[in-house]
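Asks: Supplied in structure tokens, the structure appears directly below.
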């Protein structure tokens, strides 16, 4: 009988060796877990200390910035409510070094200039500092962020001209600087940023004209450029922008006619050209993709083309405080004469569209005669959607409520309480949040104030409204709005 083999040495010894080597490698790798670049850590700490910010434990685990949510590989757009927030790329130096690539400091109510320490975050591809109280100019070091793709500095108090160094950011996909206090010419170098898909410049005090170089931005899907303080522009640069989906050029003193090529753009869905100096007749054909057109407050003339009454088209040609309603093939349309812009009137228009009725219908029960009075009673009961046109069987409740709230903001008693048109558009499209409405709006039926005399007209809605204002209630109702309308007159005169 042969002796039994003992389990020592041989294979067993090799197995022990493999286990030891594997354990050692795991220990080394654990000791060499990727660390955030110390220069970037110092910069981030300095910025946070300056503004009294605290990093979230969701991404700053045990004092390591590039940990947790910051390095988990999930798109930060899926976590829009985390702010401040960073995202990192930890693939550098064979997965041992992390660089901060995205920084969100949005809606933190921070005050002051853009901190100089920011320039040490040289790997940034996405910087969002919107909706704060930033002041001063955009620093020239902005041009060192060669990797930058998304830059959002909107809704603050930044001022001065845009730095020429901004033109170095040739990888930019989205540039938002709307609703600030920027001045000077709109830079020609914008046309040399070939990757731009979104450009938002409205709500500033830029000088015209709109540079023709923007015609080079053939990838643009969204262009918002408004509130130019002087100089006239044309729409000639638009014809090359075949990718446009949303175009807002309101308040720019754009002259000339609306070219047929603009309305032919195959991807255009929303077109805002209100409050300009456009003249002539409307083109006869529009793209089938168009869903919303605003041509209000221009000097357009001639008969309306057939597309103006399409049921699937929201068409605003509101151009004056005087308007009538008429029925045309079952579609309600406004026919208006040119006059100065009025945010109040736009608010009335929005609510009339949502409700499917004019501001005043005397034949209804007392609580529903005045549209805004009826709305406010519902709003205070958290039932504002009760105002929506009953013929709409299916609609997006969130979008409808947003429009209602914006209409209430536009119809506040004092002009200084109403948002500018650029902010109205931003709220309607979801770019800006809609503030809570805490003050009861003013109610008017269309007033005309001339030479200190008061007169008024009402909308006719195919027999549903009368112009009889003889009752004591209506006279009292109108007189209560005199103060608001006096303020309006001062604002638009």
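The values are calculated or read from the model by the stated rules, or taken from the named source; none is laboratory data. Note that the structure is a prediction, hence the values are computed from the model and not measured. All Cβ positions, glycine included, derive from the backbone under ideal geometry; neighbour counts span all protein chains shown.
Asks: Could we say that residue 118 is under 22 Å from the mean Cα position of the chain (by Cα) and in a helix (DSSP H, G or I) here? Walk me through how you get there before you give the answer.
Replies: Numbers: under 22 Å from the mean Cα position of the chain (by Cα): no; in a helix (DSSP H, G or I): yes.
It is false that residue 118 is under 22 Å from the mean Cα position of the chain (by Cα) and in a helix (DSSP H, G or I).
Asks: Also, quick follow-up: Could you identify the single residue in 162, 172, 134 that is out of contact with any helix residue (DSSP H, G or I) (no Cβ under 8 Å at 6 or more places or on another chain), farther than 25 Å from residue 250 by Cα, buried (at least 22 other Cβ atoms within 10 Å of the Cβ) and touching a residue at least 12 places away in the same chain (Cβ under 8 Å)?
Replies: Working: 162 fails: farther than 25 Å from residue 250 by Cα; 172 fails: farther than 25 Å from residue 250 by Cα.
Answer to the selection: 134.
Asks: Here is a further query. Out of 122, 94, report the one residue that is at pLDDT 95 or above and out of contact with any strand residue (DSSP E or B) (no Cβ under 6 Å at 6 or more places or on another chain). Talk me through it step by step, then tell me what you get.
Replies: Details: 94 fails: at pLDDT 95 or above.
Criteria check complete, one pass: 122.
Asks: State whether the residues of region 204-222 include one that is more than 21 Å from residue 259 (Cβ to Cβ) and crowded, with 21+ Cβ neighbours inside 10 Å.
Replies: Checked region 204-222: at least one residue is more than 21 Å from residue 259 (Cβ to Cβ) and crowded, with 21+ Cβ neighbours inside 10 Å.
Asks: Just give me the residues in region 93-113 being in a helix (DSSP H, G or I) and over 18 Å from residue 65 (Cβ atoms), in sequence order.
Replies: The one that is in a helix (DSSP H, G or I) and over 18 Å from residue 65 (Cβ atoms): 94.
Asks: What are the residues in region 47-85 that are touching a residue at least 12 places away in the same chain (Cβ under 8 Å), under 21 Å from the mean Cα position of the chain (by Cα) and in a loop (DSSP other than H, G, I, E, B), if any?
Replies: Once the filter is applied, which keeps residues that are touching a residue at least 12 places away in the same chain (Cβ under 8 Å), under 21 Å from the mean Cα position of the chain (by Cα) and in a loop (DSSP other than H, G, I, E, B), region 47-85 yields 82, 83, 84.
Asks: Before we move on, is residue 409 on the phi < 0 side of the Ramachandran plot, not in a helix (DSSP H, G or I) and not assigned by TED's automatic domain parsing to the domain that holds residue 311? Steps first, please.
Replies: Values: on the phi < 0 side of the Ramachandran plot: yes; not in a helix (DSSP H, G or I): no; not assigned by TED's automatic domain parsing to the domain that holds residue 311: yes.
In short, no.
Asks: Mind telling me which of the residues 84, 34, 3 ends up being at pLDDT below 95 and either surrounded by 10 or more Cβ atoms within 10 Å (Cβ to Cβ) or closer than 29 Å to residue 116 by Cα (or both)?
Replies: On the way: 84 fails: at pLDDT below 95; 3 fails: either surrounded by 10 or more Cβ atoms within 10 Å (Cβ to Cβ) or closer than 29 Å to residue 116 by Cα (or both).
Result of the check over 84, 34, 3: 34.
Asks: Which numbered condition trips up residue 303, out of (1) more than 29 Å from residue 385 (Cβ to Cβ); (2) modelled with pLDDT of 65 or more; (3) in contact with a helix residue (DSSP H, G or I) (Cβ under 6 Å, 6 or more places away or on another chain)?
Replies: All conditions are met except number (3).
Asks: May I ask you to say which residue of 263, 313 is over 29 Å from residue 182 (Cα atoms), surrounded by 15 or more Cβ atoms within 10 Å (Cβ to Cβ), assigned by TED's automatic domain parsing to the domain that holds residue 154 and free of Cβ contacts under 8 Å to residues at least 40 places away in the same chain? If you could, list the steps in order and put the result at the bottom.
Replies: Values: 313 fails: surrounded by 15 or more Cβ atoms within 10 Å (Cβ to Cβ).
Within the list 263, 313, the selection yields 263.
Asks: How many residues are over 27 Å from the mean Cα position of the chain (by Cα), buried (at least 16 other Cβ atoms within 10 Å of the Cβ) and outside any loop (DSSP other than H, G, I, E, B) when one looks only at region 277-307?
Replies: Selection size over region 277-307: 2.
Asks: Given the criteria within 22 Å of the chain's Cα centre (by Cα), surrounded by 16 or more Cβ atoms within 10 Å (Cβ to Cβ) and in a strand (DSSP E or B), does residue 151 qualify? Quick ask: steps written out before the conclusion?
Replies: Details: within 22 Å of the chain's Cα centre (by Cα): yes; surrounded by 16 or more Cβ atoms within 10 Å (Cβ to Cβ): yes; in a strand (DSSP E or B): yes.
Criteria met by residue 151.
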